[in-house]
Amino acid sequence: MASIESTESPTFKKIMVATDGSECSKKAVSAGIELARLSGGVVYAVYVVSTDYFSSMAVDAGWESMYEFLKKEGKETLEYVAVACKEAGVPVEPVMLEGHPAPELIDFAEDTSMDLIVMGTTGRAGLNRILLGSVAGHVVRHCKVPVMVIRGKGQPGN
């Protein structure tokens, strides 16, 4: 009889949940929290204030108010994750970044040695997503950290 070697199953102690506050990312938040709860891990809730919108705008009062709106939205989104984590008894570290979402998420995950990234397939990008490719798709293709992608409502498989 052949012996079976014991192999360690992957443990997810540092789980990055990338969120933009969309309904799909809320499903990803729930999945990430449950994984952290089951594995005794920590959720790193990451929101990126996207500068993609500002590349074609002149720096003026309109730009400043849009930037402040996005930061406020980010704080509210991170607070939503913090409350959900607290209710589940899961530790959380909120992180707000700024820049182009996919590269910022990849850099953060790799620089902080995340064990897993959990994110939704569709967010708030709309037409930009169609024209530029999705953030999730970019992260999946280019990140060295494993990525769990949660499908949005109405997508194949849901």
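The values are calculated or read from the model by the stated rules, or taken from the named source; none is laboratory data. As the structure is a prediction and not an experimental result, all values here were calculated from the model. Glycine also receives a Cβ, built like all others from the backbone with ideal geometry; neighbour counts cover every protein chain displayed. Accessible surface is based on the protein model in full, side chains and every heavy atom, while ligands, DNA and RNA are left aside. Shrake-Rupley method; radii C 1.70, N 1.55, O 1.52, S 1.80 Å.
Whenever a residue of region 61-85 is without any contact (Cβ under 8 Å) to a residue 12 or more places away in the chain, its partners that are assigned to a helix (DSSP H, G or I) and not β-branched (Val, Ile, Thr), lying with C-beta atoms within less than 7 angstrom and at least six residues away or across chains, give the pairs 63/54.
The residues on offer are 69, 54, and the sole one that is open to solvent by 40 Å² or more (accessible area, probe 1.4 Å) and either of a type outside the set (Ser, Thr, Tyr) or at pLDDT 90 or above (or both) is 69. Of the set (1) in a loop (DSSP other than H, G, I, E, B); (2) at pLDDT 95 or above; (3) of a type in the set (A, V, I, L, M), all apply to residue 4 but (2). Taken over region 57-111, residues that are assigned to a helix (DSSP H, G or I) and over 22 Å from residue 140 (Cα atoms) amount to 28.
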